[in-house]
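Notes follow once the structure below has been shown.
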Amino acid sequence: MTSPRRDISPALAICGLALVLVAAVIAGIGSGAVSVAPGDVIASIVRGLSGRAQGMADTLIWQVRLPRVVLAALVGAALAGAGVIYQALFRNPLADPYILGISSGAGLGAVIALTLTAQATALRYGLVPAAAFVGALATMFLVVKLASWRGRLDAISLLLAGVAVSYTLSALTSFLQVFAREQMASVVFWMMGGLGSASWPYVAMIAPMFLVGAALALASTRELNLMLLGDERAGQLGVDVSRFTYFALTVASLLTAAAVAVAGLIGFVGLMVPHMVRLTLGPDHRSLLPASLLGGATVLVLADLVARTVMAPVEIPVGIVTAVVGGPFFVWLLVSGGRSR
Amino acid sequence: MTSSLHFSRACIGYGAARIVEDATLVVAPGEVVGLVGPNGAGKSTLLRAITGEADLFAGDIDVAGTPIRQMTARERARVVGVVPQQVTVAFSFSAEAFVGMGRHPYLSRFGSPGEHDRAQVERAMRLTDTAHLAQRPVDALSGGDLQRLALAQALAQEPQVLLLDEPTSHLDLNHRLQVLDLVRDLASDGISVLAVFHDLDLAARYSDRVAVVSDGRVSAADSPERVIDADMLRRVFGVRAVVGIDPVTGTTAVTPVLRDGAVAAHRRGRLLVVGGSGVASPLLRQLVLDGWQVSAAALNAGDTDAHVAEALGVPFAHLAPFAPMDEDAAAEVRALAAGVDAIVVCDVPFGHGNVENLGASVGAGVPIVLVGGIEGRDYTGGRAEALWAAALNAGAVEVANADGVRAALDSLLDKPDAR
């Protein structure tokens with residue numbers, strides 16, 4: 001007797017997801033005001049990689065489309081990875097960086113940095129992600145502190161604390177904008193969650209954060225599994241629980257900050273993707289985490305594709321697209337899955 | 001023999017609250033030590049101090065010769081396995097993956113399980129009779145299966161010390177015996193076991209030694225029959241109980257008779273109960289509960305009424321097993337009868353061995369309540385019937401059963417609410 005979800009081999013599923021991501025990336029590069037056939041996209045990428053890029057099409061793909069798609073993939077993967085970690089630590093499928101208020105914390109940090117640095121300077125590229133990370137980390141500890149009672153964290157308090165902190169920080173963020181009117185438009189667009197300003201410097205800015213965060217998370221999959229058994233049992237089986245919790249929260253905040261620093265507030269990716277993957281592959285983080293990273297990347301590349309093309313030439317912030325899909329999904333999760341899982 | 005687990009003058013608690021003071025306890029390899037005591041006394045806290053979930057304020061706890069303060073969580077998990085009271089899993093790992101988590105303390109960060117790890121998981125599942133569940137998702141299994149999987153998970157840690165926190169409280173009778181028999185076998189292989197038991201009979205049956213945890217203190221561990229006695233049960237649990245030997249297992253068996261807290265606060269008069277052959281036991285218990293100060297006439301050692309009277313703290317004239325009453329015994333009963341407000345004679349058969357209980361009662365000159373009729377119970381050739389008739393002539397009340405006794409006593413003596 002085997003559980004149905006075991007019929008899908010995790011290794012096979014991860015390879016499949018990688019292929020889907022590649023297809024989504026090619027589609028994402030090909031779509032836009034000027035559409036490029038998939039074959040031409042591949043040819044252009046090959047030319048660019050071998051240093052022989054030429055003509056308008058290659059410039060469009062290499063300078064506009066590719067950085068944007070890569071950035072979308074990194075942001076999506078980072079959000080999904082953070083979601084996986086939060087959900088394991090809190091044993092709660094409703095946890096994600098957006099709902100816990102971590103994104104708002106990172107957002108406030110980023111907006112402060114944006115307001116202080118008037119132009120797109122090297123200082124801004126360094127300061128925004130750093131401030132986002134500090135904001136995310138501080139918010140994380142604040143929310144956990146607020147939701148803990150006698151050393152215990154319960155799901156409802158966690159969500160309530162997350163929502164409360166999130167509103168407060170958003171208000172502070174709006175308040176800041178009143179003082180920085182000349183940057184209001186860009187901050188507002190950034191806050192709605194957008195990849196419109198994507199460029200290679202942005203990719204370079206968050207790629208190291210993402211790579212470090214993802215590597216540390218992938219090195220902790222066994223501990224994440226044990227955390228699902230509860231703090232007490234994890235400790236009995238050899239996990240230094242409080243140390244690991246702080247470590248994992250820091251990793252998740254790093255991933256969240258990477259995403260928020262370049263793309264603003266994008267909700268629900270960190271919630272939906274891990275949950276869908278868990279439904280198909282089961283709870284084992286050795287497959288859940290890599291599959292969620294790939295899935296998150298794919299989802300955001302596709303969401304950005306929709307955001308760019310559905311009302312072209314007007315571009316919708318990608319956060320609106322994920323929220324339109326994610327809101328109902330969250331309600332469904334609350335009504336059905338959240339109780340039994 | 002070296003100890004695998006050694007508490008020396010350990011003070012344990014949580015944060016600012018000290019739960020257990022000055023605990024000293026040794027568990028040797030191959031030994032099962034049981035912890036018994038009331039709820040909230042600190043039994044589980046003792047176990048939790050070993051795994052670092054409770055704080056060790058003073059003293060030491062050594063595991064396999066190393067102080068736990070010096071061990072990392074990983075090092076400790078290679079030596080100490082825990083089976084919790086109840087296992088809850090909200091996520092659908094396969095049973096095999098679940099047991100495999102017990103190998104965590106042996107795996108390097110990027111290492112994957114090797115031949116030895118798989119062999120240990122397989123062995124743990126075979127021992128706990130869970131091998132057939134290997135591919136099942138754990139969130140679909142019964143509590144009994146989960147409990148055995150938790151034991152398998154702990155065994156996969158290859159522990160030298162196994163801690164059990166009421167490991168069988170959620171198991172049915174069959175699985176309870178299966179798990180505890182297995183624990184005994186593991187101890188025979190050299191593992192040290194420290195187990196919290198709520199069920200005193202199981203504690204006596206499966207422990208080499210038992211320690212009592214109460215009021216923040218841990219008693220010296222000793223053999224179950226020396227630790228679990230009526231005196232300890234009354235002192236620690238506030239329960240009066242018959243402590244005997246289970247005829248099948250030959251181990252201590254506890255039958256609770258009444259809780260001290262259930263005895264009526266209102267003190268009533270003094271009664272003498274004539275019983276024997278076990279017929280008086282329920283009435284003795286009820287009268288003590290009602291607040292009467294009860295003594296009993298002569299009872300043979302080994303008689304159920306004698307066991308119950310002892311458990312209740314009811315004084316009585318002691319007879320050797322199957323011995324008839326001699327003049328000394330009769331005099332003792334007369335002395336008891338002289339000091340009471342009323343006498344209750346139960347529907348016990350009367351022979352030459354015990355008819356003097358009836359004789360002493362009739363001669364005492366206090367109100368008598370007779371249960372049942374004498375017909376068919378007189379094996380003395382008429383003496384018992386004559387005494388019975390004399391009692392009735394002198395104004396004794398004849399009632400049908402225990403309820404009748406209580407009603408008769410209420411009307412003969414004071415009502416409970418009269419005082």
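Some observations on this one:
- Treating each Cα of the range B:103-186 as an identical point scatterer and summing with the Debye formula, the log10 of I(q)/I(0) at q = 0.20, 0.25 Å⁻¹ comes to -0.96, -1.33.
- Considering the protein assembly as shown, its Cα convex hull presents a mean projected area of 44.7 nm².
- Peptide B:71-83 is shielded by partner chain Cβ atoms: per residue, an average of 3 of them sit within 10 Å of its Cβ.
- Cleavage-rule hits (trypsin sites (Lys or Arg not before Pro)) in the range B:265-335: DSSP loop, at most 16 neighbouring Cβ within 10 angstrom: B:Arg267
- Available extension along the chain between B:Leu289 and B:Ser223 is 20.6 nm, counting 0.36 nm per residue and deducting the alpha carbon span.
- What you get for chain A, charging only the Cβ of Lys and Arg (+1) and of Asp and Glu (-1), is a dipole of about 320 debye around the Cα centre.
- Qualifying chymotrypsin sites (Phe, Trp or Tyr not before Pro) in the range B:78-182, where qualification requires a DSSP coil assignment and no more than 13 other C-beta atoms within 10 Å, comprise B:Phe110.
- Principal-axis tilt of helix B:402-412 within chain B, Cα atoms, nearest 10 degrees: 50
- Percent of alpha-carbon pairs separated by more than 35 Å within chain B: 46
- Separation of the B:Thr255 and A:Ala33 label points, Cα + 7 Å toward Cβ, nm: 9.5
- Average other protein chain Cβ within 10 Å of Cβ, residues A:237-248: 4
- The listed peptides A:96-107, B:210-221, ordered by packing as a protection proxy, come out as A:96-107, B:210-221 (highest mean of other Cβ atoms within 10 Å first).
- Model label sites at A:Trp149 and B:Leu177, defined 7 Å from Cα along the beta-carbon direction, differ in position by 4.5 nm.
- The Rg/Rh ratio for chain A is 0.97, where Rg is the radius of gyration of the alpha carbons and Rh is the Kirkwood radius.
- Counting only DSSP H runs of at least 4 residues, each contributing -39500 (n - 2.57), and dividing by the residue count of chain A, the helix-based mean residue ellipticity at 222 nm comes to -24000 deg cm²/dmol.
- All-pairs alpha carbon distance profile, the range B:81-220, 5 Å steps from 0, percent: 2, 10, 19, 22, 20, 13, 8, 4, 2, 0
- Antiparallel DSSP beta bridges within the protein assembly as shown, percent to nearest 5: 45
- Estimated from helices alone, the mean residue ellipticity of chain B at 222 nm is -9000 deg cm²/dmol (sum of -39500 (n - 2.57) over DSSP H runs with n ≥ 4, per residue).
- Calculated log₁₀ intensity ratio I(q)/I(0) where the Debye formula runs over C-alpha points of the range A:34-102, q = 0.16, 0.22, 0.23, 0.28 Å⁻¹: -0.63, -0.85, -0.91, -1.20
- Gyration tensor verdict on the range B:52-130 (Cα atoms; rounded if a/c is under 1.5, prolate if a/b is larger than b/c, oblate otherwise): prolate
- The modelled label-to-label distance for the pair A:Ser242/A:Leu160, using points 7 Å beyond Cα in the direction of Cβ, is 2.5 nm.
- In range of the label at A:Met311: residues from the range A:253-275 whose backbone nitrogen is under 18 Å from the point 7 Å along Cα→Cβ: A:265-267
- Using the Cβ-Cβ distance between B:Ala17 and A:Ala215 with R0 set to 35 Å, the FRET efficiency works out to roughly 0.25.
Every number here is computed from the coordinates shown, using simple stated rules; none is lab data. Predicted model, so just to flag it, every value in this text is computed and none were measured. Cβ sites come from the backbone with ideal geometry, for glycine too, and all protein chains shown count toward neighbours.
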